[in-house]
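The values are calculated or read from the model by the stated rules, or taken from the named source; none is laboratory data. Just so it is clear, the model here is predicted, and its values are computed rather than measured. Note that each Cβ is placed from the backbone with ideal geometry, even for glycine, and that neighbours are counted across all protein chains shown. Side chains are part of the model used for accessible areas, which takes the heavy atoms of the whole protein and leaves out ligands, DNA and RNA. Shrake-Rupley method; radii C 1.70, N 1.55, O 1.52, S 1.80 Å.
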Amino acid sequence: MPAPRDSDPAHDDDAPAAAGATRPRGVRLGRVTGVELFLDRSWFVIAALTVVMYGPVLWRLYPQLGWVNLLLALGFAVGLALSVLVHELAHAAAGRAAGWPVTRIVLTLMGGHTAFGAVHSRPLPTALVSLAGPLSNVALAAAGTVGLSFVPESAAGPVWALAELVVLANWVLGVFNLLPGLPLDGGRVVESVIWAVTGSESRGTVVAAWFGRAIAAGVLAWAMWTGQWRQPAVIAVTLLVAGFIYVGAGQALKQSRLMGVLDAVRAGDIARPAVEFAPTTPLSTVDAAVVAVTGDGYRGWTPDAVARDPRRRALGVLDPALAARVPGPQRSRVAMGDVAAWVPDAARVTPEVRGGDLVRFLEARGLAWAWVVDGADEVLGVVHHEDLARYALRG
């Protein structure tokens, strides 16, 4: 599943993930199509459950093989992992086609996820990237079904049984992930459709998350209705799947609430006041100007001191930590531009931009702040990512 944000029982996408995400724990397997591949330690749990569930089934079918049946069951676990890898590679390929930076693929207890760098997406590419994973499994399953239909019954044996299990797993992986609830891929599609119709991503997330909770309840109801709860290994996997979906849906609802709070505020409402200077302005001059405006020096750092560098096409905000290191006698010789944090000139927004869109703007570009400018390109203030985060939590 994708993660654009990060990714499910194969895409935990969830909200957009920062590009500098923590390195996953587990075994690094190398690179596939240029993407780092990791095997999370939790994968070994599902591998063990697979052997426990399917080893006895194969043993009943082929008692003459004895303990070799457990190796065949382990082979099924590996085949399932490869099927998940195909799923995630499809997400990665679709993401790249949409211009999303792919950071890594991780195979986990609940399948896997594809982690993307922060992106500013729209409904259609989000839906297409989400569909790519399960459709790749459906294609594999269809091809496998056709291929196995040409195998004569006389050739049926342990390897044939293992191939059948892998084909079945791809049918389940593909169809299950198309179910219309978060955090499944189908839920991301529902979210995108509602988003496109209403113009509100958070509204789409709420609907898809509640669908996801309904699916989790349905999985448990199915286990009870069919008597699967009598089989310890099966009920363990069922509880894992239902729990994963329920928790993932809850996380999506929480994220949606935060984005809903942010969408109620505009960039102009939350921006810190700013005073603009030339990059060559001595720091002592900036000190005097800020004191004149605030009366309290740099306490609170309001307003922000900002500068433009047309030559470099960059915007700068005075960095309090760097400025504080400059001794008093030297402040008349140090230019403001030398102690400013600089970003590309595109780091600017209008006062009407909604808080949710502003968060996506900052995260998609890896920015800590953005200038708020009016129609005449006059600076009205600076919006800091940390202020948005505090506002969302306070709301």
The lone condition residue 356 fails out of (1) surrounded by 18 or more Cβ atoms within 10 Å (Cβ to Cβ); (2) free of Cβ contacts under 8 Å to residues at least 12 places away in the same chain; (3) of a type outside the set (D, E, K, R) is (2)
Take residue 362 and decide whether it is part of a helix (DSSP H, G or I), modelled with pLDDT under 90 and within 30 Å of residue 191 (Cβ to Cβ).
-> yes
All-but-one check, residue 68 against (1) surrounded by 15 or more Cβ atoms within 10 Å (Cβ to Cβ); (2) modelled with pLDDT of 80 or more, failing number (1)
If you check residue 325 against the conditions, is it under 30 Å from residue 358 (Cβ atoms), open to solvent by 40 Å² or more (accessible area, probe 1.4 Å) and not aliphatic (A, V, I, L, M)?
-> no
Restrict the check to segment 192-212 and report whether at least one residue is within 30 Å of residue 48 (Cβ to Cβ), modelled with pLDDT of 95 or more and assigned to a helix (DSSP H, G or I).
-> yes
Residue list for segment 359-374, filter: farther than 30 Å from residue 115 by Cα and open to solvent by less than 30 Å² (accessible area, probe 1.4 Å) | 372, 373
Candidates 101, 123, 158, 183 - the one that is touching a residue at least 40 places away in the same chain (Cβ under 8 Å) and touching a strand residue (DSSP E or B) at 6+ places or on another chain (Cβ under 9 Å) | 101
Candidates 267, 221 - the one that is free of Cβ contacts under 8 Å to residues at least 12 places away in the same chain and hydrophobic (A, V, I, L, M, F, W, C) | 221
Candidate set: segment 373-395, residues that are among the β-branched types (Val, Ile, Thr) and farther than 27 Å from residue 100 by Cβ; chosen: the one farthest from the chain's Cα centre (by Cα) | 379
Only one of these is of a type outside the set (A, V, I, L, M), open to solvent by less than 60 Å² (accessible area, probe 1.4 Å) and modelled with pLDDT of 90 or more: 333, 308. Name it.
-> 308
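Okay, residues lined up against (1) open to solvent by 20 Å² or more (accessible area, probe 1.4 Å); (2) in contact with a helix residue (DSSP H, G or I) (Cβ under 7 Å, 6 or more places away or on another chain):
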| residue | (1), (2) |
| --- | --- |
| 169 | no, yes |
| 209 | no, yes |
| 215 | yes, yes |
| 219 | yes, yes |
| 224 | yes, no |
| 231 | yes, no |
| 239 | yes, no |
| 243 | yes, no |
